[in-house]
Each structure stands twice: as structure tokens, then as C-alpha cells.
Amino acid sequence: MLRPPPKFVYVRWIGLLATLIPMSALLILYLFSPAPLEGLMYSIVVIAPLLLFSYYLDLLIRLIPMPERIRHPFPKVWISWIIAFPIARLGISEPILARLIGSTINIDGRALLAMLFLGAVYGVFFYTAYMVLLRIYVRRKLSKGALPEEFY
């Protein structure tokens with residue numbers, strides 16, 4: 001079980017790394033497809049907004065009004081991705097893809113519900129990957145005898 005630190009510490013480059021994991025899997029998948037160049041372009045256009053949101057997730061968490069009784073960071077991160085994923089996909093990636101290769105999604109209520117669901121799933125993945133990478137980072141720093149500067 002992954003427990004959060006006593007205070008949620010967000011290290012932006014670790015957040016980027018947590019998003020680069022699915023991006024690299026998507027790139028590998030598209031490189032072995034029949035049209036690798038189009039797949040490369042598609043994956044970059046889809047993942048780039050997610051990279052932006054993952055880098056500034058700490059600011060996004062502060063901007064979204066959440067009940068004060070939510071102390072655990074998981075619901076905060078999860079709710080943030082439920083909101084950020086549809087914005088990234090339908091608001092940023094889809095207009096760019098529509099200009100480059102034609103529309104890939106018919107934007108309607110079902111697409112919005114699907115993106116909310118994918119945001120929820122991505123939020124769980126992101127939090128899990130982030131906490132694992134953060135623990136590795138903290139352990140390596142502590143093994144060298146120094147506490148990471150983000151914890152001061």
C-alpha cells in the first residue's frame with residue numbers, strides 16, 4: 001500500500017516522469033504501427049498537454065475548489081486529473097488533431113463522459129506512478145545522507 005508523505009510534496013520533474021511513462025508506451029506502440037510517423041505526431045499532440053498539466057499539477061490542485069476535509073492527497077490528485085484530462089484531450093489536443101489529420105473524436109456528451117472516465121483512470125495511474133517515483137527519489141537522497149530540498 002502506498003502511503004502519502006505527512007505533507008503532500010509535489011516535485012514537478014517527478015510529475016513529468018510519471019506522465020512520460022505512458023507517453024513512452026504510446027510511442028513504442030505507434031512506432032510498430034503501419035504508419036509510424038502519423039502515430040508519432042498523434043502521440044506527441046495527445047501527450048504534450050498532459051505533460052503541461054502534470055508539470056503544473058500543484059497549481060491546478062490549488063485552483064480547483066475542494067472541500068477542506070479532504071486531507072489525503074489522492075482525492076485531490078484524482079479530482080484534478082478528472083478535470084484536467086478532458087480539457088487536455090478535448091480542448092487542446094482534438095482541435096490540433098482536427099487541423100492536422102481530421103477529427104478523431106465526435107465531441108458530444110458521450111465523449112465528455114468517456115474523457116471524464118479516462119481522467120479518473122489516468123489520475124489513479126498518475127498518483128501511483130508519482131508516489132513510487134517519489135519514494136525512489138527520497139530513498140536515494142536519504143541514502144546519500146541528505147533530505148531532498150522539497151521537504152524543508
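The values are calculated or read from the model by the stated rules, or taken from the named source; none is laboratory data. As the structure is a computational prediction, the values presented were derived from the model and not from experiment. A quick note on method: Cβ atoms are made from the backbone with ideal geometry, for glycine too, and the neighbour counts reach across all protein chains shown. Just so you know, the surface numbers come from the protein's heavy atoms only, side chains and all, with ligands and any DNA or RNA stripped out. Shrake-Rupley method; radii C 1.70, N 1.55, O 1.52, S 1.80 Å.
Inspection of segment 97-120 finds no residue satisfying the criterion of being open to solvent by less than 60 Å² (accessible area, probe 1.4 Å) and either under 23 Å from Ile136 (Cβ atoms) or of a type in the set (S, T, N, Q) (or both). Within the set Arg69, Arg62, the sole residue that is outside any helix (DSSP H, G or I) and of a type in the set (D, E, K, R) turns out to be Arg69. Scanning segment 129-149 for residues that are open to solvent by less than 60 Å² (accessible area, probe 1.4 Å) and either within 20 Å of the chain's Cα centre (by Cα) or among the β-branched types (Val, Ile, Thr) (or both) turns up Ala129, Tyr130, Met131, Leu133, Leu134, Tyr137, Val138.
Among the residues of segment 62-79, those that are free of Cβ contacts under 8 Å to residues at least 60 places away in the same chain and out of contact with any Phe, Trp or Tyr (no Cβ under 8 Å at 6 or more places or on another chain) comprise Arg62, Leu63, Ile64, Pro65, Met66, Pro67, Glu68, Arg69, Ile70, Arg71, Pro75, Ile79.
Yes or no: segment 76-89 includes at least one residue that is of a type in the set (Lys, Arg), open to solvent by 70 Å² or more (accessible area, probe 1.4 Å) and not in a loop (DSSP other than H, G, I, E, B). No, segment 76-89 contains no residue that is of a type in the set (Lys, Arg), open to solvent by 70 Å² or more (accessible area, probe 1.4 Å) and not in a loop (DSSP other than H, G, I, E, B).
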